[in-house]
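Enquirer: Before anything else, here's the structure in question.
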Amino acid sequence: MVELNGDERLDYLLAENLRIIQSPSVFSFSLDAVLLSRFVNVPIQKGKIVDLCSGNGVIPLLLSTRTKGTITGVEIQERLYDMAQRSMDYNGLTSQIEMIHGDIKEIPKQIGYSKYDVVTCNPPYFPTPSMEEINKNEHFAIARHEIMCNLEDVMRVSSQLLRQGGKAAFVHRPGRLMDILHFMRMYRIEPKRLQFVYPKSSKEANTILIEGIKDGNPDLKILPPLVVYNDQNEYNPEIRRILYGEE
């Protein structure tokens with residue numbers, strides 16, 4: 001059994017035999033998080049992984065199906081952290097996944113520098129707007145806008161956590177690509193794999209997936225594009241496989 005508070009619900013994690021606590025009044029996970037959890041290279045048998053800006057813990061949950069390594073999730077919003085922790089309890093994953101309620105900018109001092117094999121992050125995408133423009137729902141605002149951390153914070157902290165040769169992977173928007181490349185190199189994370197995600201083949205890309213290696217050699221590979229929907233507004237086969245395990 002799991003304790004649900006207020007408007008919370010217990011959802012299935014699609015292709016996985018897992019459940020996750022969600023709420024319509026806080027920021028639920030999106031396709032972006034699922035794509036990142038499948039894009040990143042993770043060690044299968046052992047390793048140490050950190051997921052920054054974890055929200056309700058969807059990426060740690062999904063990564064637990066791909067690795068036997070230990071996973072640490074970091075989330076600054078107490079409500080989301082609490083939901084994530086209860087999801088880990090429900091799925092019996094507390095021995096593999098540790099959730100931390102904290103600010104990512106302080107986390108290297110708390111859990112250690114240069115110790116981790118993989119860092120993932122689905123960060124806030126947008127610079128902080130004016131107070132008139134910002135979402136009145138605090139949970140949505142923090143998840144979407146660089147209020148508690150910005151892109152440079154994410155790259156600096158990722159580099160601080162990674163061992164030499166460790167990998168960092170991010171999902172973001174194409175409009176921030178030059179900023180992402182700039183800050184990755186500034187903090188010694190050499191971009192190695194980049195994939196553009198398109199809502200349809202006729203549309204512009206609206207998402208990017210990028211992975212880098214700390215102190216890696218320059219050699220960026222552009223992967224084949226990932227197209228979400230076909231002309232009938234149905235998921236393409238690769239997306240169906242990612243989401244539902246269907247071929």
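Enquirer: Take the cross-link list LYS200/LYS221; LYS105/LYS200; LYS68/LYS192; LYS105/LYS214 and give me the ones stretching past 26 Å between alpha-carbons.
Expert: From LYS200/LYS221; LYS105/LYS200; LYS68/LYS192; LYS105/LYS214, over 26 Å: LYS105/LYS200.
Enquirer: Further question on the same structure: Pop out the carbon and sulfur fraction of the accessible area of the chain as a percent, whole number, probe 1.4 Å.
Expert: Result for the chain: 50 percent of the exposed heavy-atom area is carbon or sulfur.
Enquirer: If you add up the charges near ILE97, with Lys and Arg at +1 and Asp and Glu at -1, over every other residue whose beta carbon is less than 11 angstrom from its beta carbon, what do you get?
Expert: -3
Enquirer: How high is the relative contact order of the chain, given as a whole-number percent (alpha carbon pairs under 8 Å, six or more residues apart)?
Expert: Normalised by residue count, the contact order of the chain is 16 percent.
Enquirer: So how do 30-40, 48-58 stack up, highest first, on mean other-Cβ count within 10 Å?
Expert: 48-58, 30-40
Enquirer: Give me the 1.4 Å probe accessible area per residue for the range 28-96, excluding ligands and nucleic acids, in Å².
Expert: Per residue, the range 28-96 has 34 Å² of solvent-accessible surface.
Enquirer: Let me ask something else about it. Roll a 1.4 Å probe over the protein chains and send me the accessible area per residue for the range 151-202 in Å².
Expert: Accessible surface, normalised per residue, equals 41 Å².
Enquirer: Okay, next question. How much accessible surface area, in Å² rounded to 10, belongs to the heavy atoms of TYR90 with a 1.4 Å probe?
Expert: Ignoring ligands and nucleic acids, TYR90 comes out at about 90 Å².
Enquirer: With a length cut of 15 Å (Cα positions projected on each helix's long axis) and a Kyte-Doolittle mean of at least 0.0, go through the chain and give me the DSSP H helices that pass.
Expert: 151-161
The values are calculated or read from the model by the stated rules, or taken from the named source; none is laboratory data. All of these numbers come straight from a predicted model, not from anything done at the bench. Glycine also receives a Cβ, built like all others from the backbone with ideal geometry; neighbour counts cover every protein chain displayed. We work out accessible area using only protein heavy atoms, side chains counted, and drop any ligands, DNA or RNA first. Shrake-Rupley method; radii C 1.70, N 1.55, O 1.52, S 1.80 Å.
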